[in-house]
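Worksheet: one structure, shown below.
The values are calculated or read from the model by the stated rules, or taken from the named source; none is laboratory data. Keep in mind it's a predicted model, so treat the numbers as computed, not measured. Cβ placement follows ideal geometry from the backbone for every residue including glycine, while neighbour counts extend to all protein chains displayed.
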Amino acid sequence: MTAGPADVMADVKSGRLKPVYLLYGEEEHLRDEAVRKLIDACLEPDTRDFNLAVFRAGETDVESVIAALMSAPAFAPKRVVVLRGFDELGAEEQKAVVSATQRMPRTSVAILVAASADERTWACRAVAQMGMVVRYRRLYESEATSWLAALARERGVNLRPEASEYLVRTLGTSAARLAQGLEKACDYAGIGAGGSAAAPPPGGSGAPRAVTLAHVMAASAGEPGLGIFDLVDAIGQRDTPKAVAAARRLLGFGEAPARILGMVARQIRLIMQTKTLQVEGMTRQGIAGVTHLQDFMIRKCLAQARNFDIEDLEDALIALAAADVDLKTSAAPESVVLEKLIVRLCTHRARG
């Protein structure tokens, strides 16, 4: 069956695993986390060394993978075979591996991991019939916020909503970066990896320790180029070198140019919305009621709004829409399209 990441987690929780999983997509952190949880659901630590075989395409031959699939488990009910780089195999090699999963003992669980996959191929269709084909794509902002909150709960941490939103807005939607950001914030809050406090308050009730906005802001301080705020600030200041450098750092964090474009557009729209409401005489509390933004975001938008007038913001959205078309249709490299947009936004002078 073709499924989603939540279906994999449902199998993990129930303990009823499919014989074969093909996990693919650009979000490597989530893929690897799913592999780890599937292995944990199958194997006890005491017998793992006997029953876990991990292969990498290009570093082993297909015959060795097939032999591992056909082997019986030792001292345990299940055996797990992980093959990374499944997409690096040729079509015939993929077919040989998948055909082996159709013949392997019911005690074997195969986990095939790939950066990309074409679900129209015979191999993908065959895996979908026996088990699951699951894509792990980059998260959208709303998904990233929910995922981060769930990760915090899993670690026994109460991550405040404004703190979660700040991490996503500053670090982007990369799950690996968000996990690292949460870990750093927990360190600042004096909370261990498992949610335990380094110095628990006297008479503590055992409730999850809180990670606040102050913790995540402190944890983020001093790191280069954290997020979209730096880029929009630089555009507002008409500082082309600083804006280009901020965009390049975001690209270095793994953000795709199209996603950076979308994040800039969202921030520009928020600035326009909050500026318009402020001009109409609305207080920050009133703006929060209309926009449903956290207070720190409203303060940030209003601060950035001082660098723009409404016409500037409207022109910026037009330029962003044109750049979005260029990204989809132009032969120019995406990074070049992004940098040309930034130069255009920075060199367009604000009206008095």
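The criterion of being closer than 30 Å to R169 by Cα, within 26 Å of the chain's Cα centre (by Cα), of a type outside the set (S, T, Y) and surrounded by fewer than 16 Cβ atoms within 10 Å (Cβ to Cβ) does not hold for E119. Of the residues that sit in the stretch 61-94 and are within 33 Å of the chain's Cα centre (by Cα) and among the small types (G, A, S), which one is surrounded by the most Cβ atoms within 10 Å (Cβ to Cβ)? Among residues in the stretch 61-94 that are within 33 Å of the chain's Cα centre (by Cα) and among the small types (G, A, S), the one surrounded by the most Cβ atoms within 10 Å (Cβ to Cβ) is A68.
Among the residues of this structure, D118 counts as one that is closer than 30 Å to G262 by Cα, acidic (D, E) and not assigned by TED's automatic domain parsing to the domain that holds H292. Taking the conditions (1) over 17 Å from A3 (Cα atoms); (2) touching a Leu at 6+ places or on another chain (Cβ under 6 Å) in turn, R56 satisfies each one other than (2).
For residues in the stretch 122-139 being buried (at least 19 other Cβ atoms within 10 Å of the Cβ) and within 25 Å of the chain's Cα centre (by Cα), which is modelled with the lowest pLDDT? Out of the qualifying residues, it is L139.
Taking the stated definitions as given, is S142 surrounded by fewer than 16 Cβ atoms within 10 Å (Cβ to Cβ), under 21 Å from the mean Cα position of the chain (by Cα) and free of Cβ contacts under 8 Å to residues at least 40 places away in the same chain?
Details: surrounded by fewer than 16 Cβ atoms within 10 Å (Cβ to Cβ): yes; under 21 Å from the mean Cα position of the chain (by Cα): yes; free of Cβ contacts under 8 Å to residues at least 40 places away in the same chain: yes.
So S142 fits the description; yes.
Scanning the stretch 199-248 for residues that are in contact with a helix residue (DSSP H, G or I) (Cβ under 9 Å, 6 or more places away or on another chain) and loosely packed, with under 13 Cβ neighbours inside 10 Å, we see that the one that is modelled with the lowest pLDDT is P224.
In the condition set (1) more than 24 Å from S99 (Cβ to Cβ); (2) buried (at least 18 other Cβ atoms within 10 Å of the Cβ), R48 is compliant with all but (2). Can you name the residue in the stretch 1-15 that is surrounded by 12 or more Cβ atoms within 10 Å (Cβ to Cβ) and at pLDDT 90 or above and is also farthest from A41 (Cα to Cα) among such residues? Here the residue is G4. Restricting the stretch 273-327 to residues that are acidic (D, E), in a helix (DSSP H, G or I) and at pLDDT 85 or above, the residue that is nearest to I260 (Cα to Cα) is D324. When you scan the stretch 97-116, do you find a residue that is buried (at least 20 other Cβ atoms within 10 Å of the Cβ) and at pLDDT below 95, even just one? For the stretch 97-116, residues buried (at least 20 other Cβ atoms within 10 Å of the Cβ) and at pLDDT below 95: absent.
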